[in-house]
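Reading through the structure tokens given below for one structure.
The values are calculated or read from the model by the stated rules, or taken from the named source; none is laboratory data. Computed from a predicted structure; not experimentally measured. Glycine gets a Cβ as well: all are built from the backbone with ideal geometry, and neighbour counts include every protein chain shown.
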């Protein structure tokens with residue numbers, strides 16, 4: 001990704017939409033390791049939108065939604081779900097509180113969909129930010145790849161829309 005463009009810049013520059021497609025059953029990114037480990041030990045998840053863990057994200061999303069940007073997140077998950085997906089589900093109330101619309105799609109219902117090879121963000125249907133992870137779920141180096149190729153953006157938007165159409169709204173999704 002060009003050194004002068006960040007995720008925050010892309011979200012701040014979005015005018016209509018910012019959508020996120022997540023397709024892994026586990027992530028191991030360092031900035032959430034302590035919270036995940038605490039949840040594994042205690043079953044208690046930080047769901048305080050004003051906590052040090054959540055406040056920066058809540059602020060970013062709220063700033064975008066106040067400008068009229070629709071922020072959506074779709075998660076494709078294997079069932080029964082992994083411990084990590086249970087952890088994510090436990091914290092999704094904060095994503096929703098911040099202004100995101102979140103849906104879940106069981107992986108078996110995505111078999112006939114053509115999906116990108118990596119998780120990604122799509123800004124205004126034109127700018128893609130691919131998220132690259134290692135096999136253990138931590139950020140790869142480099143972890144982000146910017147793409148503005150119109151044909152790839154069109155494919156990614158179609159993939160996200162197909163997932164979104166089938167996915168279950170967060171408040172209706174039951175973990176298996």
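Does residue 99 satisfy being more than 17 Å from residue 137 (Cβ to Cβ), surrounded by 14 or more Cβ atoms within 10 Å (Cβ to Cβ) and without any contact (Cβ under 8 Å) to a residue 40 or more places away in the chain? When the stated conditions are applied, residue 99 passes them. Selection over the stretch 90-115 of residues that are over 12 Å from the mean Cα position of the chain (by Cα) and more than 15 Å from residue 57 (Cα to Cα) gives a count of 12.
Could you list, in sequence order, all residues of the stretch 1-55 that are part of a helix (DSSP H, G or I) and surrounded by 18 or more Cβ atoms within 10 Å (Cβ to Cβ)? Scanning the stretch 1-55 gives 10, 11, 36, 39. When the stretch 102-115 is filtered for residues that are surrounded by fewer than 16 Cβ atoms within 10 Å (Cβ to Cβ), farther than 26 Å from residue 145 by Cβ and in contact (Cβ under 8 Å) with a residue 12 or more places away in the chain, the ones remaining, listed by number, are 108, 109.
Apart from one condition, residue 154 fits all of (1) loosely packed, with under 14 Cβ neighbours inside 10 Å; (2) farther than 21 Å from residue 19 by Cβ; (3) modelled with pLDDT of 95 or more; the exception is (2).
Hey, could you check the stretch 116-149 for residues that are more than 15 Å from the chain's Cα centre (by Cα) and assigned to a loop (DSSP other than H, G, I, E, B) and say which is surrounded by the fewest Cβ atoms within 10 Å (Cβ to Cβ)? Break it down into steps so the answer makes sense when it comes.
Initially, the stretch 116-149 is screened for residues more than 15 Å from the chain's Cα centre (by Cα), giving 124-127, 134-136, 140-142, 145-149.
With assigned to a loop (DSSP other than H, G, I, E, B) added as a condition, the list becomes 124-126, 134-136, 148-149.
Values: 124: 16, 125: 16, 126: 17, 134: 12, 135: 7, 136: 9, 148: 10, 149: 11.
The selected residue is 135.
Got a sec? Which of 117, 91 is under 21 Å from residue 165 (Cα atoms) and out of contact with any strand residue (DSSP E or B) (no Cβ under 8 Å at 6 or more places or on another chain)? Give the steps one after another, and end with the answer.
Details: 91 fails: under 21 Å from residue 165 (Cα atoms).
That would be 117, the only listed residue that is under 21 Å from residue 165 (Cα atoms) and out of contact with any strand residue (DSSP E or B) (no Cβ under 8 Å at 6 or more places or on another chain).
Scanning the stretch 94-115 for residues that are assigned to a helix (DSSP H, G or I) and in contact with a helix residue (DSSP H, G or I) (Cβ under 8 Å, 6 or more places away or on another chain) returns 94, 95, 96, 97, 98, 109, 110. Among the residues of the stretch 66-77, those identified as within 16 Å of the chain's Cα centre (by Cα) and either within 22 Å of residue 173 (Cβ to Cβ) or surrounded by fewer than 19 Cβ atoms within 10 Å (Cβ to Cβ) (or both) are 70, 71, 72, 73, 74, 75, 76, 77.
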